[in-house]
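Read-outs: derived from the displayed coordinates by stated rules, not from any lab. What you see is a predicted model; the values in this text were computed from it and never measured. Here the Cβ is made from the backbone with ideal geometry for all residues, glycine too, and neighbour counts use every protein chain on show.
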Amino acid sequence: MKTDFNINSIIRDNIKKLKPYSSARDEYKDASSFNMIFLDANENPFENGVNRYPDPQQNLVKDELSKIKEIPKENILLGNGSDEVLDLIFRAFCEPYKDNIITLPPTYGMYGVLADLNAIENRQVLLSNQFQPKTDEILAKVDNSSKILFLCSPNNPSGNSFSKEKVEYLLDCFNGLVVLDEAYIDFSTQKSWLTKLEKYPNLIITQTLSKAYGMAGIRLGICYASKEIIRILNNIKPPYNINSLTQQKALNRLQNYSEISNEISQIISERKRLKKELECCVNYIEKVYESDANFLLIKVDDANKRYQELIEYGVVIRNRTTQPLCENCLRISVGICEENQVLIRALKAIQ
């Protein structure tokens, strides 16, 4: 149990003083009052399915997530994609032109973009050649203005999960917030860190409906953290940040979790098959990295050349050769069986 962390010591002063906006739907919360006449929110009274403001706290969606993840809904915040969640964390805890964050390239690029957007210094510490955190180098970068450490596990673009021991060490030793991005956790053999929230009050976990849940188009990100952190983020989020259509679509999908589980199993099976095929049958692929995600990172002889050749065969992948530690690397999302077969045939044809 981490006992030396005080969330109040890292909240921005203006956020401490902020009086949150109270919407009409925050003030009257009895959703069971179907016979009430609502004249409180200046809405259009003609019913068309979306003429009313959405639930500002997305209670029905949170109820389903709470059951699936076994996490109290008071520990859940929803955002317009994970990027909104990350931006809220910056705005609540990082003072512009003063504080800094630490990121571990190669990793998700929005951490750096949001740091620039919020005028926060981004101190980068490269992962090791095995794509693991260099804990001593990370902690050497820390000073009194280091507010957030971003860990992406399973990592993007490498696909691997970080060592449990290294993550625990950083949680114990870093006295700011540790944001653990678990966008790909559903494809991993490792368990989520959600069970550690009570042990580590400085831990924030972000997940998404874009990957395993197959709902990238509705833009719904999830934040799990202590009740204190969720309360702070709720105070500064836009009042109606998740629209009614997104909430309903998410609810319908979450209530059919067996279908989601089946799709996850198929993706994992295809990932294994694809990895085996690429290792055995394509001589210009130098390495296929282990993956706990829904993609594979492969090292080839010439990434720029192979990327363009695949385009000509009608297959679009991601060229990651410009990223640190990823020279001549391509990232391939795992498709359905038929799509993966087309990819394999194309890779063999361009030898």
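Values as computed for the structure displayed
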quantity: Extension gain, ASN8 back to ASN243 (0.36 nm per residue minus Cα-Cα distance, nm); calculated: 81.5 nm
quantity: Translational D in µm²/s for the chain (Stokes-Einstein at 25 °C, 0.890 mPa s, Kirkwood Rh from C-alpha pairs); calculated: 112
quantity: For segment 320-332, Karplus couplings with θ = phi - 60° (6.51, -1.76, 1.60), whole Hz, Gly/Pro x; calculated: 10, 5, 7, 7, x, 6, 10, 4, 6, 10, 10, 10, 10
quantity: Net charge of Cβ neighbours under 15 Å - reference ILE204; Lys, Arg +1; Asp, Glu -1; calculated: +1
quantity: SER163 versus LYS348: modelled label distance in nm, points set 7 Å from Cα along the beta carbon direction; calculated: 4.0
quantity: Stokes-Einstein D for segment 108-152, Kirkwood Rh over Cα pairs, 37 °C, 0.692 mPa s (µm²/s); calculated: 283
quantity: The chain, relative contact order in percent, only Cα pairs under 8 angstrom and at least six apart counted; calculated: 18
quantity: Residues GLN255 and ASN42, FRET efficiency given R0 of 25 Å [Cβ-Cβ distance, rounded to 0.05]; calculated: 0.20
quantity: Vicinal HN-Hα couplings computed from phi for segment 146-163 (Karplus, 6.51 cos²θ - 1.76 cosθ + 1.60; Hz; Gly/Pro x); calculated: 7, 9, 9, 10, 9, 10, 10, 8, x, 8, 10, x, 6, x, 8, 8, 7, 4
quantity: Efficiency of FRET between SER66 and ASN129 - r from beta-carbon atoms, R0 41 angstrom, step 0.05; calculated: 0.55
quantity: Extended-chain gain in nm, criterion 0.36 nm per residue less alpha-carbon gap, ALA119 and SER269; calculated: 49.7 nm
quantity: Cα point-scatterer Debye curve for segment 258-349, base-10 log of I(q)/I(0) at q = 0.21 Å⁻¹; calculated: -1.03
quantity: Beta bridge orientation in the chain: antiparallel %, DSSP, nearest 5; calculated: 55
quantity: Per-residue HN-Hα couplings for segment 243-256 [Karplus 6.51, -1.76, 1.60; θ = phi - 60°; Hz; x = Gly/Pro]; calculated: 6, 4, 5, 4, 4, 5, 5, 5, 4, 4, 5, 5, 6, 10
quantity: Surrounding net charge for PRO324, when Lys and Arg each add one and Asp and Glu each subtract one, Cβ distance under 15 Å; calculated: +3
